[in-house]
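The structure appears right after this line, and notes come after that.
The values are calculated or read from the model by the stated rules, or taken from the named source; none is laboratory data. What you see is a predicted model, and the numbers here were worked out from it, not measured in a lab. Every residue, glycine among them, receives a Cβ derived from its backbone with ideal geometry; neighbour counts consider all protein chains shown.
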Amino acid sequence: MHHPFPLPRLNGAALAFVFLIASFLPLGLAGAQSVAPMDRWEYAAAAMGMIALWGMAVQFVTSGRFEAVSGKLGIDKVMAFHKLAAIWIGLALLLHPLAYILPTWLDDPALGWVRLRFYLTDPSYRSGVISLLAVIVLIMTSVLRDWLPWRYEAWRGTHLLLGLSAVLCGLHHAWAVGRFSAEGALAWLWGAVALGVVGVVAVLYGWRWWLLHRNPWRLNALAKRADRMWELDIQPEQGTPDLSYHAGQFVWMTEGTRRFPLFDHPFSIADSPKQDGIRLLIKEAGDFTSQIGTLPEGRRIGLDGPYGEFTAEAHPADALLLIGGGVGIAPILGIVRDMVARKDTRPLRLAYAVGQPQNFACLDELRAATRTLDLKLWLISEARSDIPDILQGRLTQERVSQMLQGLDPDTTRALICGPGPMVASVSDMLLGLGLPMQNVIYERFDYAAGARSRQDRARTRNILGIGAALLAGVAAFALNM
Ligand SMILES: Cc1cc2nc3c(=O)[nH]c(=O)nc-3n(C[C@H](O)[C@H](O)[C@H](O)COP(=O)(O)OP(=O)(O)OC[C@H]3O[C@@H](n4cnc5c(N)ncnc54)[C@H](O)[C@@H]3O)c2cc1C
């Protein structure tokens, strides 16, 4: 499916800049207004409310579904921002009423409590309280997602509804009782934000739903490639444009009559754009993936994409290290298939690690590729195997350093995809072996929290830097008013 309106893809620094400028816009507009004088803490409270409201709206485009936002950075970094920003928003919203009452509370604690109770119970503040509660439930159900007895789709639908309630009630609260937001330019800005949020949801769940139905695909063939792992060959139906993508990107897929975005799942394209249609390699993991092996040929498929930057094109290099763990081989197989199709002669070093030898997929194809490409293979299984070219154990530092032999770390890029702990440890090993951080690219198949690499920690520091800049903005607003 081609994107009808191609947008530029922004890098991290540009996005951070746009985000900060946009976050300070409400403060700038508020600063230009004349309101009855308040205590500095009250100004800080107002600023936190405005920044949190803006932040809530931005969360709708940091959910990984907009290529202008996540196309260049990759879904991993955007998700890291989404999760950390949610915590700031929650904190700012909690502090918002507290900072209003702080001056009173310092003078007379009893009166402070009375004011807080008033804010929390008076009907005129109800939409604000609902917004705050929605954000708290949103954060808690996300942190505890893996422990909740819900299907992923139920969680996702709830997440969307809570997010919408939080931002729309927050906007209502700003219009209804906001000292700066009730009228003037800021009221118009919040109107634009409301339209923006509703527009984003309409694109995600209306426009894309329509596209899934207008441009159907079909399951052409299904083959078992390993234990509980299936390869799907999916072809466009007549009239559906072929997908224009780079090897290693992923699509959101739905099937049958459930071709609605709420039910879609992300899968990497294990194919070369030089081939017609696309192939996916899917491992049985839960409700959706467990019935993949029973899908009849000819079944209608919905595809939305392509997404992501886990590609050789997005990371130019003289040589590539490709590292796949388990079904994380899917995008890597796509890249290898593409290099075979394009007869790419660059040095390619590939490590494929699994738990059990029966989990290996497409080994014969990978072995055959060593004869046409400058490709060296490391096949590694934790459990022992009698097959001569399969090494036993894990991907150790020693093996990773063997892979790097003869390559220049400055012009070699590593693309890693696999389970969280493996991705984190291999990424750290590569940094230890001298690869610059921007040369180590990875994609996780699971957004849940888990093992963190040095690169993850560096990202967290960058994102915390954005948070510190926001805090400085709040302080500057409170001190200058
Ligand atoms: C960028 C990316 C690329 C991926 N590529 C592949 C691939 O090529 N092959 C493959 O087998 N798997 C891939 N996955 C993982 C795959 O999306 C999940 O295994 C699948 O969605 C699980 O759905 P389920 O209903 O079978 O299992 P569930 O039991 O519902 O989910 C298992 C776990 O998968 C995740 N998950 C479930 N549904 C979704 C969803 N709609 N969106 C995001 N995450 C979800 C959740 O973390 C959940 O805890 C990829 C994931 C991502 C994020």
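State whether one or more residues within the range 291-303 are within 21 Å of the chain's Cα centre (by Cα) and more than 10 Å from the ligand (Cβ to nearest atom). Don't jump to the end; show me each part of the working.
Step one: of the range 291-303, the residues within 21 Å of the chain's Cα centre (by Cα) are 302-303.
Applying the additional criterion that residues be more than 10 Å from the ligand (Cβ to nearest atom) yields 302-303.
Among the residues of the range 291-303, at least one is within 21 Å of the chain's Cα centre (by Cα) and more than 10 Å from the ligand (Cβ to nearest atom), which makes the answer yes.
Yes or no, residue by residue, for (1) on the phi < 0 side of the Ramachandran plot; (2) out of contact with any Pro (no Cβ under 7 Å at 6 or more places or on another chain); (3) within 14 Å of the ligand (Cβ to nearest atom); (4) without any contact (Cβ under 8 Å) to a residue 60 or more places away in the chain:
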residue	(1), (2), (3), (4)
LYS224	yes, yes, yes, no
GLN238	yes, yes, no, yes
LEU243	yes, no, no, no
GLU255	yes, yes, yes, yes
ARG259	yes, yes, yes, yes
ASP264	yes, yes, yes, yes
LYS274	yes, yes, no, no
LEU280	yes, yes, yes, yes
ALA285	yes, yes, yes, yes
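Where in the range 107-212 are there helices (runs of 4 or more DSSP H), lying wholly inside it, with at least 1 residues that are touching a Cys at 6+ places or on another chain (Cβ under 6 Å), closer than 19 Å to GLY49 by Cα and not small (Gly, Ala, Ser)?
Output list reads 126-143.
Pairs are defined by a Cβ separation below 7 Å, a sequence spacing of at least 6 or placement on different chains, a first member in the range 326-337 that is more than 8 Å from the ligand (Cβ to nearest atom), and a second member that is part of a helix (DSSP H, G or I); the pairs so defined are GLY326/ASN359; VAL336/LEU366; VAL336/ALA369.
Is it true that ARG179 is under 18 Å from the mean Cα position of the chain (by Cα) and either surrounded by 14 or more Cβ atoms within 10 Å (Cβ to Cβ) or polar (S, T, N, Q) (or both)? Steps first, answer last, please.
On the way: under 18 Å from the mean Cα position of the chain (by Cα): no; either surrounded by 14 or more Cβ atoms within 10 Å (Cβ to Cβ) or polar (S, T, N, Q) (or both): yes.
In short, no.
Listed by position, the strands (runs of 3 or more DSSP E) contained in the range 245-339 that have at least 1 residues being among the polar types (S, T, N, Q) are 250-255, 265-268. Within the range 368-417, the residues that satisfy the criterion of being touching a residue at least 24 places away in the same chain (Cβ under 8 Å) and assigned to a helix (DSSP H, G or I) are ALA369, THR372, GLN397, ARG399, VAL400, SER401, GLN402, MET403, LEU404. Restricting the range 424-450 to residues that are over 16 Å from the mean Cα position of the chain (by Cα) and closer than 26 Å to LEU280 by Cβ, the residue that is surrounded by the fewest Cβ atoms within 10 Å (Cβ to Cβ) is ALA424. Tell me whether the range 143-151 contains one or more residues that are under 30 Å from GLN358 (Cβ atoms) and within 13 Å of the ligand (Cβ to nearest atom). For the range 143-151, residues under 30 Å from GLN358 (Cβ atoms) and within 13 Å of the ligand (Cβ to nearest atom): present. Is one or more of the residues making up the range 456-475 away from the ligand (no atom under 16 Å from the Cβ) and farther than 29 Å from LEU73 by Cα? Yes - at least one qualifying residue is present in the range 456-475. Mind checking which residues of the range 232-260 are over 19 Å from the mean Cα position of the chain (by Cα), under 21 Å from ARG342 (Cβ atoms) and of a type outside the set (A, V, I, L, M)? Listed by number, the residues that qualify are ASP233, ASP242, SER244. Here GLU365 fulfils each of the conditions (1) assigned to a helix (DSSP H, G or I); (2) surrounded by 21 or more Cβ atoms within 10 Å (Cβ to Cβ) apart from (2). Here PHE24 fits the description: away from the ligand (no atom under 16 Å from the Cβ), assigned to a helix (DSSP H, G or I) and either in the same structural domain as ARG444 (by TED's automatic domain parsing) or at negative phi (or both).
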